[in-house]
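Beneath this line is the structure, given in structure tokens, with notes to follow.
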Amino acid sequence: MKKNNLLATLGLVSVITLAACGSDATNASEKNNDTKQETTEKETDSTRDDSEAEDSEEDANEGDWEYQVGDMNEDGNFKLLARNDTSETIETASISLHFPQVTVAEVVEWPEELADSYDFEPTGVIQIDMEVSNSSNDTINFYMDQATITTNTGEQLEPDLLTSDHIGGVFIGAVNKSGSVRYMLESSDPNEIEWVRVLINAPHDANFESLGHDIDVQIDF
């Protein structure tokens, strides 16, 4: 900024000093104006390039997910209200657990094909994507897909077995598993969900001896 101000000041001084020199002054002034215009155009182009680069970076980040917050799904049944994809990896015994994303969606219209399978109509759906790996060669039992959750709205929920992936159980050595676990809100307004608390029992061995510690983590929106 200081350099630009200095150039403008020097240009103004040149115009005043040479104003009485007839055609030479006019030529000098025109050249000075051309220089100032060229500098301004370069600065404008530079600013535009920086802005476009920032927009491209933001678009790239948003493009990581098929649906953005505020989007409806193709059938118009669900609206995505919130997402958290910033959780850190959790370690317990030889197990590493990561939540790539946790989302809250509003049920706009409950699908007819699901109506017969439920004795209530959910107000919303909480989805927890999970990635789990066992770094040990030992066989470990870990049931992260049976996690209980609670919400700031006062609901305590168990996984919906019909729509969730069954990814927990026996880890025979150093294996990886991933999938999504879903919870149906029964009475809460999904628009009021501010956080979800996730509780998972510690992994255990074949003799049901606990290994590591229980998991208790809060995901904020």
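Remarks
- Filter pass, PHE142 being surrounded by 15 or more Cβ atoms within 10 Å (Cβ to Cβ) and aromatic (Phe, Trp, Tyr): yes
- Some residue of the stretch 148-156 being part of a loop (DSSP other than H, G, I, E, B), farther than 27 Å from LEU211 by Cα, open to solvent by less than 70 Å² (accessible area, probe 1.4 Å) and touching a residue at least 60 places away in the same chain (Cβ under 8 Å): no
- Total residues in the stretch 111-147, condition more than 15 Å from LEU97 (Cβ to Cβ) and of a type outside the set (Phe, Trp, Tyr): 18
- Restricted to the stretch 82-106, and to residues there that are surrounded by fewer than 18 Cβ atoms within 10 Å (Cβ to Cβ) and in contact with an Asp or Glu (Cβ under 7 Å, 6 or more places away or on another chain), the residue that is farthest from ASN134 (Cα to Cα) is ASN84.
- Flag if ASP189 is in contact (Cβ under 8 Å) with a residue 60 or more places away in the chain, within 23 Å of THR103 (Cα to Cα), of a type in the set (D, E, K, R) and open to solvent by 20 Å² or more (accessible area, probe 1.4 Å): yes
- Filtering the stretch 166-180 to residues that are under 18 Å from ASP214 (Cα atoms) and open to solvent by less than 10 Å² (accessible area, probe 1.4 Å) leaves GLY169, PHE171.
- Going through (1) exposed (fewer than 15 other Cβ atoms within 10 Å of the Cβ); (2) without any contact (Cβ under 8 Å) to a residue 40 or more places away in the chain; (3) under 26 Å from the mean Cα position of the chain (by Cα) one by one, PRO159 falls short only on (1).
The values are calculated or read from the model by the stated rules, or taken from the named source; none is laboratory data. Quantities reported herein were computed from a predicted structural model and do not represent experimental measurements. With ideal geometry, Cβ positions are generated from the backbone for all residues, glycine too; neighbour counts draw on all protein chains shown. Ligands, DNA and RNA are excluded from the accessible area calculation, which covers all protein heavy atoms including side chains. Shrake-Rupley method; radii C 1.70, N 1.55, O 1.52, S 1.80 Å.
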